[in-house]
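A quick write-up on the structure given underneath.
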Amino acid sequence: MNIHFRAPRQALSIRASLLTLALAASLGSAQAAVFKDAQLEALQDAGKYSELEQLAQARLSTHAADAEASAALSLALSLSAAGEAKRLEAGAKQARLCVEQHPDVAVCHLAMAQNLGQQMLSVGMFKAMRMVDSLKASWIRSLELDPSSFTGRVQLAKLYLTVPGMMGGSVSKAKELEAAVRSSQPETARLIRVFIAAEARKWDEMERELALLKPSKESAVQDEVREATLQLAQQFLKDGKDLDKARRLYEGLLRDQPSKAGGHYGLARVLAAQGQTDEAIRHLERAKTLSDAEDFPLDHRLGDAYLAKGDKAQAKAAYERFIANKRSKPANVEAARKSLAQLG
């Protein structure tokens, strides 16, 4: 990806790349095989960050040199921050302490990368750009210390694919990461190939690789599969390009990951495009009850669906809820404001 600073469109591409990068760096609500300790792993895998924080602090009070507890405290602070600057800074301080005390422990560098990714979501573009090298170094060191790490390898590959070449991005380096585990970790390698195909906009190749992935119970793998599937489905959904393919992908997510909102949200988009408004509303309402509902502009789409149905009161209420939500994406908020203004 060869991007320069000369044109506004390219500058926007860098901004989009950095946002994608920050999101890619995030562990999300559940990742597998982060900690060797079963208690710490169970809590972070379930996204129980308050309990994880309490357990980590208790362990550190009796054993200050506990590397996994130190990393767990950083992750708990960083992932539960939700935009709280003080907690995010506390997570950064704890990550630095973990790395300083345990420079050869992979999970400390992973905690540092996670915190940096969260910070990138809360700062301006140029500050985020200055953080890219640190983020890359953290993922590289984490993977050096634990070459078998699924999270470290996939996140580093995605970073190379996302960042512009002038900032250290490299498709060839992502391919090297894939080739290194092609025989020892074939599913990890295949998933990296999925993202390589996506970067090249080779949608047919991406679709084939996704279809060949074996189902996994690992939450880390499921998160990556969900991200890739949503990205591919969006390409088929765009401009009504291939609604049948988009629908099959979203239905696959509903089947394989019923506790996540993505399948419901995407299927609702397809149904709305096909004029099946009531069914679309049903899936959007169901998505609102799931744990990752905040990741999707559900009330915005509900407003659109009710407006298409002719129910202006419900549409207005949905748009107003969406606009009032501080976590709503600005682009969607702008569109919702325009639709609300048209209602009078």
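The values are calculated or read from the model by the stated rules, or taken from the named source; none is laboratory data. Everything numeric in this text was worked out from a predicted model, so none of it was measured. Glycine also receives a Cβ, built like all others from the backbone with ideal geometry; neighbour counts cover every protein chain displayed. SASA here: full protein model, heavy atoms, side chains in, ligands and nucleic acids out. Shrake-Rupley method; radii C 1.70, N 1.55, O 1.52, S 1.80 Å.
Carbon and sulfur atoms: what percent of the 1.4 Å accessible area of segment 52-211 do they account for?
52 percent
In degrees between 0 and 90, to the nearest 10, how far off the longest principal axis of the chain does helix 8-25 point, with axes built from Cα atoms?
The helix 8-25 is inclined about 60 degrees to the chain.
For the pair L121/K214, report the inter-label distance in nm, with labels modelled 7 Å from Cα in the Cβ direction.
3.2 nm
Taking the square root of 5 times each eigenvalue of the Cα gyration tensor, what semi-axes in Å does the equivalent ellipsoid of segment 272-327 have, largest first?
That gives 18, 14, 8 Å for the three semi-axes.
Can you give the extra length, in nm with one decimal, that the chain gains between Q101 and K36 once fully stretched, where that is 0.36 nm per residue apart less the Cα-Cα distance?
21.6 nm
Where does each of E224, E100 land when they are ordered by accessible area, with a 1.4 Å probe and the largest first?
Sorted descending by solvent-accessible area, the residues read E100, E224.
Given Cα pairs under 8 Å that are at least 6 residues apart, what percent is the relative contact order of segment 104-150?
Computed over segment 104-150, the figure is 57 percent.
Computed FRET efficiency, Cβ-Cβ of E279 and A58, R0 45 Å: what is it to the nearest 0.05?
0.40
Once the convex hull of the C-alpha atoms of the chain is built, how many Å³ does it hold per residue, rounded to a whole number?
140 Å³
Below 12 angstrom from the Cβ of P215, what's the summed charge of the other residues (Lys, Arg +1; Asp, Glu -1)?
Its environment carries a net charge of 0.
Please report how far the C-alpha centroid of segment 67-135 lies from that of segment 182-199, rounded to the nearest whole angstrom.
First find each Cα centre; the distance between them is then 27 Å.
So for segment 296-344, what are the equivalent ellipsoid semi-axes in whole Å, largest first, each being the square root of 5 times an eigenvalue of the Cα gyration tensor?
Equivalent ellipsoid semi-axes, largest first: 16, 10, 8 Å.
With every protein chain kept in place and ligands, DNA and RNA left out, what is the accessible area per residue of the chain? Probe 1.4 Å, answer in Å².
Spelled out: the 1.4 Å probe surface of the chain, per residue, equals 50 Å².
Within the accessible area of segment 254-344, what % is carbon and sulfur when the probe is 1.4 Å and the other protein chains stay in place?
Its accessible area is 49 percent carbon and sulfur atoms.
List the trypsin sites (Lys or Arg not before Pro) within segment 293-344 that DSSP assigns to loop and that have no more than 15 neighbouring Cβ atoms inside 10 Å.
Answer in residue order: K326, R327.
Quote to one decimal, in nm, the extra length available between D256 and A341 on full extension: 0.36 nm per residue of separation minus the C-alpha distance between them.
Contour length minus Cα-Cα distance gives 26.7 nm.
Could you check the spin-label model distance between A180 and E334? Points 7 Å from the Cα along Cα→Cβ, value in nm.
4.0 nm
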